[in-house]
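J.: Starting off with a structure, shown below.
The values are calculated or read from the model by the stated rules, or taken from the named source; none is laboratory data. In this text, all values refer to a predicted model and were calculated from it rather than measured experimentally. When we count neighbours, we look across all protein chains shown, and the Cβ atoms used for this are built from the backbone with ideal geometry, even at glycine. The area values use the complete protein model at the heavy-atom level, side chains included, leaving out ligands, DNA and RNA. Shrake-Rupley method; radii C 1.70, N 1.55, O 1.52, S 1.80 Å.
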Amino acid sequence: MEFAQRAWLHKERTGRPLMIWKVATTLDSKVAASDGTSQWITGPESREDVQALRAQSDAILIGTNTALVDNPHLIPRGYTARPVRVISGEQSVPDTHRVFDNEARTITVKSKSIPDLLKTLCNEGFNQVLVEAGPTLGSALMASGNIDELIIYQAPKLLGAGKEFVSHLGISTLEDHITLELISVVHVGGDIKSHYIVRGR
């Protein structure tokens, strides 16, 4: 089923946008090395593939830490689509950062509250939101049951130490695990792209 149709049906059923968390990791699930370096974990083919995901989305969501550390632009390269950029968190992001240029609209949600964030996303009428947030915001959305799909681009690299893509989910026993359903696996250059539906606990 096409992304657009699946997102619209999800919104009609749940009243909120389809939330897709996109992650780029090493083989041992690291999104950054111990010294904080994170660009580029995956290869150029994966980064190009992400542009299509961005273009298919109504909005792209990041946290303030990602905005400060990575200074992303979030505009889909090679596409006319201009999804709304959403920044969530309490840290201040300078208006000189790339996410505040005039190439697309940017919304800031100055709160760590997931309900506040979801209220904004619902009020905007988005059908599909691509989450490009780091471990803190992404894990908070996952733990609260607000991530619907997970797309992982996994590079054939090992770090052994560093920041993992998922952090605290409030799970202390195996029985409380979050179940994922694998719906596709493809090679993207030298990386592996795995697409999951989050089935919940």
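J.: Tell me the label-point distance for the pair Ile114, Gln5, using the 7 Å Cα-to-Cβ offset, in nm and rounded to one decimal.
T.: Spacing of the two 7 Å Cα→Cβ label points: 3.1 nm.
J.: Sort all Cα-Cα distances of segment 1-55 into consecutive 5 angstrom bins from zero, then give the percent of pairs in each bin up to the one containing the longest distance.
T.: For segment 1-55, the binned pair fractions read 4, 16, 19, 18, 13, 12, 11, 6, 1 percent.
J.: Using the Cα atoms of the chain, I'd like the radius of gyration and the largest Cα-Cα distance, Dmax, both in angstrom.
T.: For the chain, the Cα radius of gyration and maximum Cα-Cα distance read 16.1, 48 Å.
J.: With +1 on the Cβ of every Lys and Arg and -1 on the Cβ of every Asp and Glu, and nothing else charged, how large is the dipole of segment 88-201 about its Cα centre, in debye rounded to the nearest 20?
T.: Values: 10 positive and 14 negative charges, 22 e Å.
Value, rounded to 20: 100 debye.
J.: Considering the dipole of the chain built from charges on the beta carbon (Lys and Arg +1, Asp and Glu -1) around the Cα centre, which of Thr108, Phe165, Asn123 is farthest to its positive end?
T.: Asn123
J.: Okay, next question. With a 1.4 Å probe and every protein chain left in place, tell me how much accessible area Ile197 has, in Å² to the nearest 10.
T.: Rounded to the nearest 10, the figure is 40 Å².
J.: Could you sort Phe100, Phe126 by accessible area so the largest value comes first, with the probe set to 1.4 Å?
T.: Working: Phe100 65, Phe126 15 Å².
Sorted descending by solvent-accessible area, the residues read Phe100, Phe126.
J.: Working out 0.36 nm times the residue gap between Asp95 and Ile183, then minus their Cα-Cα distance, what length gain in nm do you get to one decimal? Present the calculation step by step, with values, prior to reporting the outcome.
T.: Numbers: separation 88, 0.36 × 88 = 31.68 nm, distance 3.94 nm.
My answer for the length gained is 27.7 nm.
J.: Considering only protein heavy atoms, with the full assembly of protein chains and a 1.4 angstrom probe, order Arg54, Arg77, Arg201, Arg6 by accessible area, largest first. Spell out each step's value before the answer.
T.: Details: Arg54 30, Arg77 125, Arg201 155, Arg6 50 Å².
So the residues, ranked largest to smallest area, are Arg201, Arg77, Arg6, Arg54.
J.: When the solvent-accessible surface of protein heavy atoms is calculated with a 1.4 angstrom probe, in what order do His168, His97 fall, highest first?
T.: Numbers: His168 165, His97 35 Å².
Ranked list, largest accessible area first: His168, His97.
J.: Using θ = phi - 60° and the Karplus curve 6.51 cos²θ - 1.76 cosθ + 1.60, what whole-Hz ³J(HN,Hα) does each residue of segment 65-80 get, with Gly and Pro shown as x?
T.: 5, 4, 4, 6, 6, 8, 6, x, 8, 6, 8, x, 5, x, 10, 7
J.: I would also like to ask the following. So, by mean Cβ neighbours within 10 angstrom, what's the order for 169-175, 144-150, 45-51, 7-13 with the highest one leading?
T.: Details: 169-175: 9.1, 144-150: 19.9, 45-51: 17.0, 7-13: 15.1.
So the order, starting with the most tightly packed, is 144-150, 45-51, 7-13, 169-175.
J.: Do you know the Lys pair count in the chain for C-alpha distances under 19 Å, with sequence separation 8 or more or different chains?
T.: Taking the chain as the scope, the lysine pair count is 10.
J.: I would also like to ask the following. If you find the alpha carbon centre of segment 79-102 and of segment 19-72, how far apart are they in angstrom?
T.: For segment 79-102 versus segment 19-72, the Cα centre distance is 15 Å.
J.: Restricting attention to the alpha-carbon atoms of segment 107-197, what are Rg (one decimal) and Dmax (integer), both in Å?
T.: When restricted to the Cα atoms of segment 107-197, Rg and Dmax are 15.1, 42 Å.
J.: Check which residues have an amide H placed less than 5 Å from Gln128's amide H, if you skip close sequence neighbours.
T.: Those lying under 5 Å, H to H, from Gln128 are Leu18, Asp58, Ala59.
J.: Enumerate the calculated ³J(HN,Hα) couplings along segment 173-184 in order (Karplus 6.51 cos²θ - 1.76 cosθ + 1.60, θ = phi - 60°), each rounded to whole Hz, writing x wherever the residue is Gly or Pro.
T.: So the Karplus estimates, Gly and Pro as x, are 9, 4, 4, 8, 4, 8, 8, 10, 10, 6, 10, 6 Hz.
J.: Rounded to two decimals, what is Rg over Rh for segment 6-116 when you use alpha-carbon atoms and the Kirkwood radius? Working shown, then result.
T.: Working: Rg = 14.9 Å, Rh = 15.5 Å.
Using Cα coordinates only, the ratio equals 0.96.
J.: In deg cm²/dmol, rounded to 500, what helix-only [θ] at 222 nm does the chain give when every DSSP H run of at least 4 residues adds -39500 (n - 2.57) and the total is split over its residues? Walk me through the intermediate numbers first.
T.: Values: 5 runs with 50 residues, N = 201.
One gets -7500 deg cm²/dmol as the mean residue ellipticity at 222 nm.
J.: How would you classify segment 52-164 from its alpha-carbon gyration tensor, with a ≥ b ≥ c the square roots of the eigenvalues: rounded for a/c under 1.5, else prolate if a/b is greater than b/c, otherwise oblate? Display every interim value, and only then the final one.
T.: Values: a/c = 1.28, a/b = 1.16, b/c = 1.10.
It comes out rounded by the Cα gyration axes.
J.: When every alpha-carbon pair in segment 157-201 is counted, what percent end up more than 15 Å apart? Intermediate values should be presented prior to the final figure.
T.: Details: 644 of 990 pairs.
Cα-Cα pairs in segment 157-201 separated by more than 15 Å: 65 percent.
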